[in-house]
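*Asks:* Just dropping this structure here.
The values are calculated or read from the model by the stated rules, or taken from the named source; none is laboratory data. Predicted model, so just to flag it, every value in this text is computed and none were measured. Cβ placement follows ideal geometry from the backbone for every residue including glycine, while neighbour counts extend to all protein chains displayed.
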Amino acid sequence: MSTEATNVNAMTQEMQEELAIYLISYVHAPSDHDIAQFATTFATQYHINIKILKKTIQDIVTILSTSLRKNLHRQDLVKVLVDAGMDDSTAEQFGAHWNMTQNNDISKSVFLAHAELIEMKWKLGIVTATNTVGSIGTPFVRLSFVLKENTMKEEKLELSLAMFYQFLANMEALKEHMTYLKE
């Protein structure tokens, strides 16, 4: 990332802070952010080449995602960023924002976001028996994921139809973000 880190080093402190806040927030909750809109606005506002900015964002997000998965503390993240070519002061700025948002108790959903998806199956069902009369006849979707991080494992998830539609929308948004960054 040395070329991309140099790009961040050349940014003003205000730009670095805005980039750090956004990318750290994005890594913690990708579905809550429109990275394409951010990159376009940021590039326009600061007169930056969008292709270079996209590559910079992609490389920094990779480092931050890996750091999140490994549950790195602030000082470890700073070291990784410096090793990647960022100036100490720039890496410290990312570290300061990392420290504010870092959750030492990584949730299962964050872990799943960083595993490789091998296969996904889904089944649609209707509730036929329950102790809540109002739930009878309600549709649900059962998802089954085969994931690989170090070993293969299967995770199962049952969602209401509304939750499934939200899940689907999040996956479509994530696909758009990834496609945008690849361009």
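*Asks:* Read through the list (1) modelled with pLDDT under 85; (2) assigned by TED's automatic domain parsing to the domain that holds Gln58, then give the number of the only condition that Ile136 fails.
*Replies:* Single failed check for Ile136: (2).
Each row is one residue, and each column tells you yes or no for (1) exposed (fewer than 11 other Cβ atoms within 10 Å of the Cβ); (2) modelled with pLDDT of 80 or more; (3) within 21 Å of the chain's Cα centre (by Cα).
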{"position": "Gly85", "(1), (2), (3)": "no, yes, no"}
{"position": "Asn99", "(1), (2), (3)": "no, no, yes"}
{"position": "Ser109", "(1), (2), (3)": "yes, no, yes"}
{"position": "Ala115", "(1), (2), (3)": "no, no, yes"}
{"position": "Trp122", "(1), (2), (3)": "no, yes, no"}
{"position": "Asn131", "(1), (2), (3)": "yes, no, no"}
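*Asks:* Now for a different question. Within the bounds of segment 51-74, is there any residue that is under 28 Å from Asn150 (Cβ atoms), more than 14 Å from the chain's Cα centre (by Cα), in a helix (DSSP H, G or I) and without any contact (Cβ under 8 Å) to a residue 40 or more places away in the chain?
*Replies:* Yes; the residues of segment 51-74 include at least one that is under 28 Å from Asn150 (Cβ atoms), more than 14 Å from the chain's Cα centre (by Cα), in a helix (DSSP H, G or I) and without any contact (Cβ under 8 Å) to a residue 40 or more places away in the chain.
*Asks:* So, in segment 126-183, how many residues would count as being within 30 Å of Lys51 (Cα to Cα) and not small (Gly, Ala, Ser)? Walk me through how you get there before you give the answer.
*Replies:* Applying the first criterion (within 30 Å of Lys51 (Cα to Cα)) to segment 126-183 yields 167-183.
Add one more test, that the residue is not small (Gly, Ala, Ser), and what stays is 167-168, 170-172, 174-183.
Within segment 126-183, residues that are within 30 Å of Lys51 (Cα to Cα) and not small (Gly, Ala, Ser) number 15.
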